[in-house]
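*Asks:* First the structure, which I've put down as structure tokens, then a few questions once you've had a look.
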2 protein chains.
Amino acid sequence: MSYFDYKKGQLYCEGIPIKSLAAKFGTPLYVYSTHALTGQFKILTRLFAGQRPLICYSVKANSNLAILKLLIGQGAGLDIVSGGELYRAQKAGCPAKRIVYASVGKTKKEIEEAVRYGILMFNAESLSELRVLDAVAGRLKKKVKVALRFNPDIEPGTHAYITTGKKETKFGLDEYTLQAVYLHPAAYPHLSIEGIHMHIGSQITKAAGFVKAVKKVKTLIARLDRRGISVKTLNIGGGLGIPYDEEENSVVDEVKKQVIPFLKGMKVRLIIEPGRFIAGNSGVMVTRVIYVKDTPHKRFVIVDGAMNDLARPSLYGAYHRIIPVSRNARRTTLDARRVDVVGPVCETGDFLGKNRDLNVTEGEYLCVMSAGAYGFTMSSQYNSRCRAAEVLVNGTNARLIRKRETYKDLITKELV
Amino acid sequence: MSYFDYKKGQLYCEGIPIKSLAAKFGTPLYVYSTHALTGQFKILTRLFAGQRPLICYSVKANSNLAILKLLIGQGAGLDIVSGGELYRAQKAGCPAKRIVYASVGKTKKEIEEAVRYGILMFNAESLSELRVLDAVAGRLKKKVKVALRFNPDIEPGTHAYITTGKKETKFGLDEYTLQAVYLHPAAYPHLSIEGIHMHIGSQITKAAGFVKAVKKVKTLIARLDRRGISVKTLNIGGGLGIPYDEEENSVVDEVKKQVIPFLKGMKVRLIIEPGRFIAGNSGVMVTRVIYVKDTPHKRFVIVDGAMNDLARPSLYGAYHRIIPVSRNARRTTLDARRVDVVGPVCETGDFLGKNRDLNVTEGEYLCVMSAGAYGFTMSSQYNSRCRAAEVLVNGTNARLIRKRETYKDLITKELV
């Protein structure tokens, strides 16, 4: 079920017409649906019901405090990747024992902050990091739990920039290094190395890569087990893809049929780290048409949202569906023209969608779908553009969860 | 002459060792050289001495107020592309009559602000925009000067994302539309349409594209002249490229020999809009090595600067030279290993440089060169990373011109 749907020609988020939100809060505007967020969380709870995993929501997908708080309230833990995300986790009231921390570049300061807060576990990515973790833990007189991030050398079939489980990437430890660490626990006296973590990529729409990776991990755990080393925690990361267009989304079914059976019977505590799966289709970016510009070669629909607001089309060539907020019965699809939807930023790379069949007029609102994950979190002030506002809808209630930036915000850290 | 050079094995910015700046202000850190900025400005002044143009520095390249103020003090005007940049121009004390405003997506509000401030000229990009400009000018009882942005359909030979003078792009008006506007001044009673603007792209290293575009403009101006329409202002935009590696930079010489002759004898006021040419090689990003990670396939140098701090490598595949801040005589180039320099952000796309021959140790500083333009201005808080600090060096004096963000800054606009 979608929480973004037309009623009598008006696009709604839950019980509120998006047009009224745009009029009230201005554009570009991120709008999120409470029930979409919690609904996706519940799908995962059901999918992994047999394993009762700790579901650590991946903060980087959408880190707004209100969204973190909402998911924490549903029982979620958090997957963090920086000191800033730890700070957010604390501010959102996440219990420390529900936080896992992954990143190839945790600084000493960030590690200290996380050890002091008492997070559940670090996902360690290199021998150097293990040494720093051990030193910090020793200094703070703590025993720190660690999972080793395993690089299974798997091709998940997604964009190269978000493929993270290939041996050529910076992520994780290869099988042999990982075993070497497990065989030398005395080298890290202040660490309790008890888990294996993997994360093969993002926006994965076929379970095949997962299956291969989980098989590899299972073999690895069995091999360690034969040497008397028991792996207590298995963190299979995130990466479950979502539909960005009207395609069927079969990944949940595939995971159910192909991945879950492998997990059955494994005596490990399971952790999963969904981000995009929860937030991606739970949010949209609303934008207003500034100009319709016809050139001899193309029609451009120039909107007030740009690559600084939503980087994915420009950065990854990502596809986002773009639909009108108000459907006009008199405008049939026959009137649609092939257009490029572009922003005001002075780069040709600034587009939200190319070659779309749309019939739009100046001043009307458009909705860029599937913008709930890696939308606002990747936004910048490029071209000195104020970052957008964010609104969270719950039924017929809409709450501003991030104020629109003002010109003053652009320069507040500058000293003349 | 370079203002970033080694003395006794230490990399300096003007009279200050970069190491001491990194130690004092932390990393990642943007460091700019006052004399490099003013030196580049002077090169342009000399290059176009015969034309005495208004040099409008392109704010989007590097919009820090201190840098704007410095260039305004040298006599520069500003090329702005948004209301936020107009705000910066005002705060930096730029005289209104030295501001030109280009953008395909100027909103009514932004146009009003600029008309009220009394800027020199709008570079208009569409018929719709002309209508809005005229309406706003009428309402505010002003006569507003306009240059029409001409799309010359020129291939400048740069990255597709920063090619802006091809007919397939969203920018400017084609020749016929442009002439049509000039032939119907009565349609825009509150506008004084008196200039032609062009901008064919960014980081152009060969003059050939410029030459073609200027030829086309010259023909166009002559054609209008025959119909009794005199074009008073010619804005040839920016786009002059800079060397990102140790290659020779011949573009200045080429412009001198190939473009300047075309401009001679043209009875127009010339405007140019350099951005990268002034700021690009006037700044660097200093970053610290967190971990050196050896995998069976590659060595990764993991630094504390990432794609959120400097987007160009990830977004455009741009090359930036990366050099050690301290040269150690004992480390010869023979000891160098082929490495990828990557940041802590959880994406494979997060790299600053690939396959570089470097010999580095954990904790040392590296300098990412040519980061003065499209560096900080494109930075984001992705992965909840605090944005970097910026320092301006003048001789042996270093001044913090933008404070490093804190965790608190990440959430200050959020409402829980």
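The values are calculated or read from the model by the stated rules, or taken from the named source; none is laboratory data. This structure is a prediction, so every number in the text was calculated from the model and none was measured. Every residue, glycine among them, receives a Cβ derived from its backbone with ideal geometry; neighbour counts consider all protein chains shown. Ligands, DNA and RNA are stripped out before the accessible areas are found, and what is left, the full protein with its side chains, is counted by its heavy atoms. Shrake-Rupley method; radii C 1.70, N 1.55, O 1.52, S 1.80 Å.
*Asks:* Would you tell me the mean number of C-beta atoms belonging to other protein chains that fall within 10 Å of each C-beta in B:93-106, as a whole number?
*Replies:* What the average comes to for B:93-106 is 3.
*Asks:* If I model a spin label at B:Arg337 and A:Asn249 as a point 7 Å from the Cα along the Cα→Cβ vector, what separation in nanometres do I get?
*Replies:* Between B:Arg337 and A:Asn249, the label points sit 4.2 nm apart.
*Asks:* Once A and B are treated as a pair rather than alone, how much accessible area drops out, both sides summed, in Å² to 100, probe 1.4 Å?
*Replies:* The buried area between A and B, both sides summed, comes to about 7800 Å².
*Asks:* Give the aspartates and glutamates whose C-alpha is closer than 14 Å to that of A:Lys413, dropping any in the same chain fewer than 8 places away, or say none.
*Replies:* Those aspartates and glutamates meeting the cut-off are A:Glu405, B:Glu390, B:Glu405, B:Asp409.
*Asks:* Taking the Cα atoms of segment B:303-398, report the difference between the largest and smallest coordinate on each principal axis, in whole Å and largest first.
*Replies:* 38, 38, 22
*Asks:* Within segment B:1-44, which trypsin sites (Lys or Arg not before Pro) sit in a loop by DSSP and count at most 12 neighbouring Cβ atoms inside 10 Å?
*Replies:* Answer in residue order: B:Lys8.
*Asks:* Please work out the Cα convex hull volume for segment A:119-196 and give it in Å³ per residue.
*Replies:* 93 Å³
*Asks:* Could you give the accessible area per residue of chain A, probe 1.4 Å, as a whole number in Å²?
*Replies:* 37 Å²
*Asks:* What is the projected area of the convex hull of the Cα atoms of segment A:1-62, averaged over all directions, in nm²?
*Replies:* 5.5 nm²
*Asks:* When the Cα centres of segment A:166-188 and segment B:1-37 are compared, how far apart do they sit, in Å?
*Replies:* 38 Å
*Asks:* Here's something else I'd like to know. So which residue, out of B:Ser63, B:Ser20, B:Ser250, gets the largest mean-square fluctuation from a GNM of chain B using Cα contacts under 10 Å as springs?
*Replies:* Taking springs between Cα atoms under 10 Å, the residue moving most is B:Ser20.
*Asks:* Explain nothing, just compute: Karplus ³J(HN,Hα) = 6.51 cos²θ - 1.76 cosθ + 1.60, θ = phi - 60°, for every residue of segment A:183-195 in order, whole Hz, x for Gly and Pro.
*Replies:* Result, ordered by residue: 7, 10, x, 5, 5, 10, x, 9, 10, 10, 8, 9, x Hz.
*Asks:* Which longest uninterrupted range of chain B lacks any GluC sites (Glu not before Pro) assigned by DSSP to a loop state (not H, G, I, E or B) and surrounded by at most 11 other Cβ atoms within 10 Å?
*Replies:* Counting only loop sites that pass the neighbour cut-off, the longest clear stretch is B:1-245.
*Asks:* Divide by every residue of chain A the summed helix terms, -39500 (n - 2.57) for each DSSP H run of at least 4, and state the resulting mean residue ellipticity at 222 nm, rounded to the nearest 500 deg cm²/dmol.
*Replies:* Helix-only estimate at 222 nm: -7500 deg cm²/dmol.
*Asks:* Among the residues of chain A, which one places its Cβ closest to the rotation axis that maps chain A onto chain B, and what is that distance in whole Å?
*Replies:* Axis-proximal residue of A, distance in whole Å: A:Ser380, 2.
*Asks:* Could you look at the protein assembly as shown and say what percent of its accessible area is carbon and sulfur, using a 1.4 Å probe and all protein chains?
*Replies:* C and S atoms contribute 51 percent here.
*Asks:* Can you pull the Kirkwood radius for segment B:243-330, inverse mean 1/r over Cα pairs, to one decimal in Å?
*Replies:* The Cα-based Kirkwood calculation yields 17.3 Å.
*Asks:* What trypsin sites (Lys or Arg not before Pro) in segment A:196-254 are in a loop by DSSP, with at most 13 other Cβ atoms within 10 Å of the Cβ?
*Replies:* Within segment A:196-254, the qualifying trypsin sites (Lys or Arg not before Pro) (loop, at most 13 other Cβ atoms within 10 Å) are A:Arg227.
*Asks:* If Lys and Arg each add +1 and Asp and Glu each add -1, what is the summed charge of the other residues whose beta carbon sits under 14 Å from the beta carbon of B:Gly15?
*Replies:* In short, +2.
*Asks:* Let me ask another. Just the C-alpha atoms of chain A: what Rg/Rh do they give, with Rh taken as the Kirkwood radius?
*Replies:* Taking Rh as the inverse mean 1/r over Cα pairs, Rg/Rh reads 1.00.
*Asks:* Taking each label point as 7 Å beyond Cα in the direction of the beta carbon, state the distances from B:Gln258 to the same residue in the other copies, shortest first, in nm.
*Replies:* 5.3
*Asks:* Shifting gears a bit: Considering chain B as a Gaussian network with a 10 Å cut-off on Cα pairs, which listed residue, B:Pro156, B:Pro313, B:Pro185, attains the greatest mean-square fluctuation?
*Replies:* Highest fluctuation of the listed residues: B:Pro185.
*Asks:* Further question on the same structure: Shortest first and in nm with one decimal, please list how far the B:Glu168 label point sits from its counterparts in the other copies (point 7 Å along Cα→Cβ).
*Replies:* 2.6
*Asks:* Here's a follow-up. Give me Rg over Rh for the protein assembly as shown, both radii from the alpha carbons and Rh done the Kirkwood way, two decimal places.
*Replies:* Taking Rg over the Kirkwood Rh, I get 0.98.
*Asks:* Give the whole-number value, in cubic angstrom per residue, of the convex hull volume spanned by the C-alpha atoms of segment B:34-276.
*Replies:* Normalising the Cα hull of segment B:34-276 by residue number yields 114 Å³.
*Asks:* Sticking with this structure for a sec: Taking a point 7 Å out from Cα toward Cβ as the label site, list the nm distances between B:Thr45 and the same residue in every other copy, smallest first.
*Replies:* 6.8
*Asks:* On alpha carbon coordinates alone, what is the Rg over Rh value for segment B:177-258, Rh being the Kirkwood radius?
*Replies:* 1.11
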